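For reference, the structure is listed below as structure tokens.
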Amino acid sequence: MSIQLNLGKWGTIFPVPNCVVDEDIRLASENQLKVLLYILRNNGDNLTEKSVGEQLNIAEGDVKDAVSFWVDRGVLTSQGDIPQSERAEIPDETPVEIKKKPRPLSRVQKPDSIFVSRRINEDNDLATLVQETQVILGKPISNGDTATLVMLHDTDGLPCDVLMMLIQYCHSIGKDNMRYIEKMAIGWASEEITTVERAEEKISNLEKYGEAWNRVSAIFGIQNSGSPTKAQQENANRWINEWHFSDEMLREAYERCVNKKNNFNITYTNGILKNWNKRGISSLKELKDFEETSTKKLPENKGDNTPQVSYDIDKYEEFSMFD
């Protein structure tokens, strides 16, 4: 059957940019295409997300997401909340800046199964990604999970080989669910980790941070009920890989913290270690020598043997640049 134009419908027309068909139509969802066509058809009208949603029977939030999609693709522009009467006063040489943000997990609608199937059939790399993901995870993945992989590639711009590395890393740390993989992938996209080299560097850092915390938690005897927090990993990496403290020094800082605060406080412990590092104290002997020297410098009428230390660790509980 041949496809022809119904010329009777061509009494009035409106333009659609070539790039929408040439580049964007494969990526756009049904709602995104509906919103764009409506805006193009009613160009010049005072449109709002609410009015467009009412006309198309689409939720206002979905309209907002669709507009953001076309802004990101360069098809639409946005002038924020500037009143219509004031827009003409904006100089041409000072355009309104639109900053891209990492997409929230709920923003972009996943492609439907027909689109996903077509993309996998036409892109061997995507097909291989889906197959290898099932091998890595040791189980078939659902249609929804397959759509997530396609979206991370097409919408977020992550190459298939980078996604493969990310999935392998998630599997290695026991995080096999697609929700976690998607969250991490969105983070990688926002950091522009789009090459194998940058992915290798990222994974190396993640492994280094994880190993540092595992060592610290073992020294401190901390049993984590879940994954370590970002602050825990960053502090552990600093203590071990930047300040190069030994196990015995870490344990000493931990015990002093618990003796003072009656429990482990990561900010207080960081304050202790920060000051030892600043003073070049890297062993228990150096610490003992420093404290003995400080005690000897006390005035003779001082009735105790408290070392004269010129810092107040307690202030680190109230504020720390590392938290």
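Couplings 3J(HN,Hα) for segment 128-144, derived from phi with the Karplus relation 6.51 cos²θ - 1.76 cosθ + 1.60 (θ = phi - 60°), are 5, 4, 5, 5, 5, 4, 5, 5, 4, 7, x, 6, x, 9, 6, 4, x Hz, where x marks Gly and Pro. For segment 129-255, the solvent-accessible area works out to 49 Å² per residue, with a probe of 1.4 Å and every protein chain left in place. Net length available on complete extension from Lys64 to Arg26 is 11.7 nm, with 0.36 nm assigned per residue and the Cα-Cα distance removed. Only protein atoms count toward the accessible area here, which uses a 1.4 Å probe; on segment 141-258, the carbon and sulfur part of that area reaches 44 percent. Within the set Lys139/Lys208; Lys34/Lys64; Lys230/Lys274; Lys208/Lys230, which residue pairs have Cα atoms separated by over 22 Å? Too far apart for the 22 Å limit: Lys139/Lys208. If R0 equals 41 Å, the separation of the Cβ atoms of Ile141 and Arg41 corresponds to a calculated FRET efficiency of about 0.55. Backbone phi angles across segment 61-68, fed through the Karplus curve with coefficients 6.51, -1.76 and 1.60 (θ = phi - 60°), yield HN-Hα couplings of x, 5, 5, 4, 5, 5, 4, 4 Hz in residue order; Gly and Pro are listed as x. Measuring r between the beta carbons of Val16 and Asn241 and using R0 = 56 Å, the FRET efficiency lands at 0.55.
The values are calculated or read from the model by the stated rules, or taken from the named source; none is laboratory data. All values derive from a computational prediction rather than experimental measurement. FYI the Cβ positions are ideal-geometry reconstructions off the backbone, even for glycines, and counts take in every protein chain you see. Accessible surface is based on the protein model in full, side chains and every heavy atom, while ligands, DNA and RNA are left aside. Shrake-Rupley method; radii C 1.70, N 1.55, O 1.52, S 1.80 Å.
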